[in-house]
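Student: Following this message is one structure expressed as C-alpha cells.
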Amino acid sequence: MRDKAIIIVAAVAVIVIAAFGAIWLSGLSVASVQPIEQTTTLVIEGPDAIEVGERVSYSLIIEGELCYAAEFPVINWTSEGGQKLSQEGAEVIVVAHQPGKVVLTATLSGMTTEKVVQVHPRANINLEMKTWIHPEWYTTGVISIGVSEPSLSLYRVLDTGRRVEVSTTIWESFSFKEIVIHEYGNYILVVEGKALSDGRVVKAEKELTVTPYVQRGYHQFSWDNENLVQLTPSDRVAVESFLKEELDINLVLLPEGKLKDANRINNADYVFYKDSSRNDVVIYQTVVSSRSDMVRKMWKTSVKGSDGRYSYLNFDDFIIAVKMGNSATSFISTYNDNGGSSSGGGGPSPSPSIGGGGPSPSPSI
C-alpha cells in the first residue's frame, strides 16, 4: 500500500510539472509573434511661415529612443522651393526668394519627415499722403504688402509734443484709402497692419497740417473794410505754406523785429486777409494799394530768397502784406492829409475795432 501511494504522488507531481511547462511554452510562443512598436519620431521644429529673403533656422528633433553605432548617423536635409544656406548637425538655415511655399525634408537612419513652410512677401507699409491739407477728402496713398488689411488712427499733436487720439466726430475715413479731417491743426496719421508671416505689427506715420484754403478774392481790398476777421494761428500757417509753395518765401510769421505805424499800402504784391463773408478761407489780392486815416500798428520783417532778393512783409492780426524786391522797404507807411508820409512812429492810435491795438503773439497751430 505504501508503494502504491508513492507512485500516485509521483504521477500527480509529473502531471503538475507538465501543465506548468505547457503554460510557460505557450507564453513564449505568443510573445514571439507580437510586433515590436516603433518608438522613435522625427519632428522638424521652426516657424510655419516666413518672409521672402528672411534667413530662418530649423532643427530636427528626435522624439523617443534611437539606437545607433558609435557615431551619430548623418542627417540629410533637402529644401524644395527654398535655398539651403548652411547645415550643421540637426540644424539647417534656409531662405526663400519668392512667395509660395518651401518643403523641408529631413532623413535619418531610414526615417523621413517633412515640414511645409508658407512664404509671404516681406511685410511693409508706406503712407504717401500730402503733408499740407484742407478740410476735404484726401487719398492716403497707403501701399501695403505682406500684411493684413491696414487700419488708420489719427492723433492730434499738442504744443507740448504730446499725442492725443482724435475722436471720430472730428475725422472720417473710407476704409484705409481716404480720410477727411474737419478741424484745423497739427496731426499724425498712423496706418498699421499685422505681418502675415508672424503677426508682428507693421506701421507707418505721416505728419499732417490742416489749414484753411488760401484763395484769390474778386473784390478790391480796402484798408477801411469793417468786415475783416482776425487771423487765427491756422490762418497764419496757411499763409506761410502759400508763401513757401507759391512764392518760395520761407518765413514764420511771429511778432518780432520792428513795430511801426501804418495807414497806407503802396503797390503790395500780395495782401492776405479774412472777410466775414467767407470766414472759412483766407483771401488774397495782388497788386494792392490802399490808404486811410485809420492807423494800425504792424510788424515789419524781411527774408532773403535763394536768388539773393529780399521779400518784405508787414502784418498784424488782420492783414499780411508782401512786397518782393530789394527796393520795397517802404511799401507800407503812414499817410496824412497834408500829403506827407512816414515809415513809422507818428499818427493816430490804432482803431480797436480793426486789429484791437498791436498784434498779439501767434501761437503754433
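The values are calculated or read from the model by the stated rules, or taken from the named source; none is laboratory data. None of the values given here were measured: they were computed from a predicted structure. Counting neighbours? That spans all protein chains shown, and the Cβs are built from the backbone with ideal geometry, glycine included.
Student: Would you be able to tell me the number of residues in the range 131-141 that are loosely packed, with under 15 Cβ neighbours inside 10 Å and either in a loop (DSSP other than H, G, I, E, B) or touching a Phe, Trp or Tyr at 6+ places or on another chain (Cβ under 8 Å) (or both)?
Tutor: 4
Student: May I pose another question? Kindly check whether there is at least one residue in the range 109-121 that is under 17 Å from E192 (Cα atoms) and among the charged types (D, E, K, R). Before the answer, list the steps.
Tutor: Start the filter on the range 109-121 by keeping residues that are under 17 Å from E192 (Cα atoms), which leaves 121.
Those still in the list that are among the charged types (D, E, K, R) too: none.
Looking through the range 109-121, none of the residues is under 17 Å from E192 (Cα atoms) and among the charged types (D, E, K, R).
Student: In the range 153-174, how many residues are part of a loop (DSSP other than H, G, I, E, B) and either out of contact with any Ser or Thr (no Cβ under 9 Å at 6 or more places or on another chain) or surrounded by 15 or more Cβ atoms within 10 Å (Cβ to Cβ) (or both)?
Tutor: Number of matching residues: 9.
Student: Does S144 fit the bill of being surrounded by 12 or more Cβ atoms within 10 Å (Cβ to Cβ) and within 22 Å of A123 (Cα to Cα)?
Tutor: Details: surrounded by 12 or more Cβ atoms within 10 Å (Cβ to Cβ): yes; within 22 Å of A123 (Cα to Cα): yes.
Spelling it out, S144 is indeed surrounded by 12 or more Cβ atoms within 10 Å (Cβ to Cβ) and within 22 Å of A123 (Cα to Cα).
Student: Would you check which residues across the range 276-295 are closer than 13 Å to I320 by Cα, within 40 Å of the chain's Cα centre (by Cα) and either outside any strand (DSSP E or B) or not hydroxyl-bearing (S, T, Y) (or both) and list them?
Tutor: Residues of the range 276-295 closer than 13 Å to I320 by Cα: 282-286, 288.
Pick out the ones that are also within 40 Å of the chain's Cα centre (by Cα) and you get 282-286.
Matches in the range 276-295: V282, I283, Q285.
Student: Answer yes if at least one residue in the range 104-120 is at pLDDT 90 or above and assigned to a loop (DSSP other than H, G, I, E, B), and no otherwise.
Tutor: So far as the range 104-120 goes, no, none of its residues is at pLDDT 90 or above and assigned to a loop (DSSP other than H, G, I, E, B).
Student: Something else: Just one of the numbered conditions (1) in contact with a Ser or Thr (Cβ under 7 Å, 6 or more places away or on another chain); (2) small (G, A, S); (3) more than 29 Å from I265 (Cβ to Cβ) is not true of S197; which one?
Tutor: Checking S197 against (1) in contact with a Ser or Thr (Cβ under 7 Å, 6 or more places away or on another chain); (2) small (G, A, S); (3) more than 29 Å from I265 (Cβ to Cβ), the one that fails is (1).
Student: Here is a check on your reading of the model: is Y187 farther than 30 Å from I50 by Cβ, of a type in the set (F, W, Y) and part of a loop (DSSP other than H, G, I, E, B)?
Tutor: On the way: farther than 30 Å from I50 by Cβ: yes; of a type in the set (F, W, Y): yes; part of a loop (DSSP other than H, G, I, E, B): no.
No.
Student: All but one of (1) assigned to a strand (DSSP E or B); (2) of a type in the set (D, E); (3) without any contact (Cβ under 8 Å) to a residue 60 or more places away in the chain hold for E205; which doesn't?
Tutor: With (1) assigned to a strand (DSSP E or B); (2) of a type in the set (D, E); (3) without any contact (Cβ under 8 Å) to a residue 60 or more places away in the chain applied to E205, the lone miss is (3).
Student: Which residues, counting only those in the range 220-273, are surrounded by 14 or more Cβ atoms within 10 Å (Cβ to Cβ) and assigned to a helix (DSSP H, G or I)?
Tutor: Result: P233, S234, D235, R236, V237, A238, V239, E240, S241, F242, L243, L247.
Student: Sticking with this one: For the range 217-244, which positions are out of contact with any Leu (no Cβ under 9 Å at 6 or more places or on another chain), touching a residue at least 60 places away in the same chain (Cβ under 8 Å) and closer than 28 Å to G308 by Cα?
Tutor: Answer for the range 217-244, where residues must be out of contact with any Leu (no Cβ under 9 Å at 6 or more places or on another chain), touching a residue at least 60 places away in the same chain (Cβ under 8 Å) and closer than 28 Å to G308 by Cα: just S241.
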